[in-house]
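None of the figures in this text is laboratory data; all of them are computed from the coordinates on show. If you're wondering where the values come from, they're calculated on a predicted model, not measured in any experiment. Using ideal geometry, Cβ is built from the backbone for each residue, glycine included, and neighbour counts are taken over all protein chains shown.
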Amino acid sequence: MKTIIEPFRIKAVEPIRMTTRAERQAILARAHHNLFAIKSRDVLIDLLTDSGTAAMSAEQWAAIMRGDESYAGSPSFERFETAVKALMPFKHVIPTHQGRAAEAILFSLLGGPGKLIPSNTHFDTTRGNIEATGAEARDLLIAEGRDPMLIHPFKGNMDLAALEALLKAESAAIPCVMLTITNNAGGGQPASLENIRAASALARAHGKPFIIDGCRFAENAWFIKTREPGQETRAIPDIVRDIFSCADAMTMSAKKDAFGNIGGWLALNDDDLAEAARARLILTEGFPTYGGLAGRDLDALAQGLSEIVDEDYLRYRIRANEYVVERLDAAGVPVVRPAGGHAVFLDAGRMLAHIPPLAYPGQALACALYEEGGVRGCEIGTVMFGLQPDGTEKPAAMELVRLAMPRRVYTQSHADYLIEAILAVNERKHDISGMRIAWQPKALRHFTARFDPLAPAFPEP
Ligand code: F0G
């Protein structure tokens, strides 16, 4: 059969409240054109994030009932730890309430003023946690990964020559080498097993621990299986174990590739580092057999980990984004290619080329999509990255809108509706005006800034 179906039936549903264009215009105005200020009941298709938004399976809900809430030594922790170690063979597994808590603990131990931590691309919270200790976060992505339209199978690869040069030049400042799979900030693009092995070998040759941010490890493993020569006949769990056997530690947001609505972990091999991490965990998260989680959460994650490596799920998951990207690309809508693992990225800078970066084309496009179809995406451009610490502004490297796909939540007809809404906006793109910021906070402005359109988004004829 050629049709790739959603490999699940639906047992519980959440109604989507339909809204009219007029209602959405009023909602947008009340929210000062910031989609973070819109209530989720006013959204038809919510693609703000794939984090914590997955539909849990019947078996996960059953596992929730099995959860044991003992403060210490809960069997839920044992099931969680066993499930993690089955895929990621680390000696110590330390649960946290979400990914950034694992990052905060790790960098409180490895960071500090004068330190320098390279990665293919650090995600915002990773960068934030590194910089909060006074250290520098440096991105060493291959050049192909920075060109939205260029087709390349592994646009998340580390630039190995740049990594080697940095390890030689700045060895004393570098406490570890990181790699994010997939590269969320760079379009959900994967790193190849070959690149992961080589980056790990370089780090280890210089005596540095190699640490993987593994949030979307299963999607990355699927790309390895389907795109890397010699990997096509391997089982996903085998590829996953290979990836993590290259690493000395990992951070994880279980809100992504563990089908969790909450959760994360830090896993490592070094006994001393693990002891220091647990001491920190007790201060900030909780006792080492629950971290920041309830026993029931640990059980839901243990079950989720067994489901995320299912090939039928991964085939459907990756195909769903390809389906959207192929149709948009064929209709001439500029999109990041190839499709990412967890999201479709629209290139707002090219689509709305008449809007300069400091009039925020990504924000204008995200609002136009909401007005057109009630779809909520997220600007990843000058609104998110343009504000400098000294209060000045400079254009971001790319003006993107991320449409992140919650796991197992939407169906193909939702995808068709999404495509229709984007094509309708594309038809009227010359009518879309830029935005000015009416108010903004000093940092992380994308969450709370208020915008005024420079002209009505869709003026009446
Ligand atoms: N690393 C990556 C690659 C991420 O994408 C995220 C979260 C984190 C770390 C932090 O994990 O949210 O559990 O604390 N990304 C979400 C997103 C927020 O929408 O992309 P967390």
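Quick check on the chain: of the DSSP beta bridges with both residues there, what percent are antiparallel, nearest 5%? Kindly include the intermediate steps, with their values, before the conclusion.
On the way: 26 of 39 bridges.
DSSP beta bridges in the chain are roughly 65 percent antiparallel.
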Please list the radius of gyration and Dmax for the range 255-345, considering alpha-carbon atoms only, with Å as the unit. 18.8, 56
Order 265-273, 10-18 from most to least packed using the mean count of other Cβ atoms within 10 Å. 265-273, 10-18
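For the range 58-308, what is the charge dipole size about the Cα centre, in debye to the nearest 20, if Lys and Arg each add +1 at the Cβ and Asp and Glu each add -1 at the Cβ?
Working: 24 positive and 32 negative charges, 30 e Å.
For this selection, approximately 140 debye.
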Cα-Cα P(r), the range 314-428, percent of pairs per 10 Å interval: 14, 47, 29, 9, 1
List the residues, sorted by chain then number, that are 5 or more residues from Ile380 or on another chain and whose placed amide H is less than 5 Å from its amide H. Leu400, Val401, Arg402
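State the extension gain, in nm to one decimal, for the chain segment bounded by Arg436 and Glu6, taking 0.36 nm per residue of separation less the distance between their alpha-carbons.
Details: separation 430, 0.36 × 430 = 154.80 nm, distance 4.12 nm.
Net length gain for the segment: 150.7 nm.
Treating only the Cβ atoms of Lys and Arg (+1) and Asp and Glu (-1) as charged, compute the dipole magnitude of the chain about its Cα centre; round to the nearest 20 debye.
Details: 50 positive and 57 negative charges, 93 e Å.
Using only the charged Cβ atoms, the result is roughly 440 debye.
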Qualifying GluC sites (Glu not before Pro) in the range 52-92, DSSP loop, other Cβ atoms within 10 Å at most 16: Glu69
Under 5 Å between amide H atoms, partner at least 5 residues away or on a different chain: which partners does Leu454 have, H built in plane at 1.01 Å? Gly434, Met435, Arg436
Obtain the radius of gyration and the Kirkwood radius of the chain from its C-alpha atoms and give Rg over Rh. 0.96
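Could you work out the helix-only [θ] at 222 nm for the chain, with each DSSP H run of four or more residues adding -39,500 (n - 2.57) and the total divided by the number of residues, to the nearest 500 deg cm²/dmol? Intermediate values should be presented prior to the final figure.
Numbers: 16 runs with 181 residues, N = 461.
Value at 222 nm, helices only: -12000 deg cm²/dmol.
If you stretched the chain out fully between Tyr71 and Thr20, how much longer would it get, using 0.36 nm times the residue separation minus the C-alpha to C-alpha distance?
Details: separation 51, 0.36 × 51 = 18.36 nm, distance 4.92 nm.
Answer, rounded to one decimal: 13.4 nm.
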Stokes-Einstein D for the range 58-308, Kirkwood Rh over Cα pairs, 4 °C, 1.567 mPa s (µm²/s): 72
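Grab the Cα-Cα distance for Glu131 and Ala162, subtract it from 0.36 nm times how many residues apart they are, and report the gain in nm with one decimal.
Values: separation 31, 0.36 × 31 = 11.16 nm, distance 2.11 nm.
Length gained between Glu131 and Ala162: 9.1 nm.
With a Förster radius of 35 Å, plug the Cβ-Cβ distance of Asp147 and Ala235 into 1/(1 + (r/R0)^6) and report the FRET value to the nearest 0.05.
Plugging the Cβ-Cβ distance into 1/(1 + (r/R0)^6) gives 0.60.
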Please label the shape of the range 1-127 as rounded, prolate or oblate, based on the square roots a ≥ b ≥ c of the eigenvalues of the alpha-carbon gyration tensor (a/c under 1.5 means rounded; beyond that, a/b larger than b/c means prolate, else oblate). oblate
DSSP loop (so not H, G, I, E, B), at most 14 other Cβ within 10 Å: list which trypsin sites (Lys or Arg not before Pro) in the range 365-430 pass both filters. Arg428
Could you point to the residue in Thr20, Leu387, Gly114 farthest towards the positive end of the chain's charge dipole, with +1 and -1 charges on the Cβ of Lys/Arg and Asp/Glu respectively? Thr20
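Counting other C-beta atoms within 10 Å, and keeping those with at most 11, which DSSP coil chymotrypsin sites (Phe, Trp or Tyr not before Pro) do you find in the range 1-110?
Values: sites: Phe8, Phe36, Trp61, Tyr71, Phe77, Phe80, Phe90, Phe107; in loops: Phe8, Tyr71, Phe90.
Passing sites in the range 1-110 are Tyr71.
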Indicate the gyration tensor shape class of the range 191-236 (rounded, prolate or oblate), computed on the Cα atoms with a ≥ b ≥ c the square roots of the eigenvalues: a/c under 1.5 is rounded; otherwise a/b larger than b/c is prolate and the rest oblate. oblate
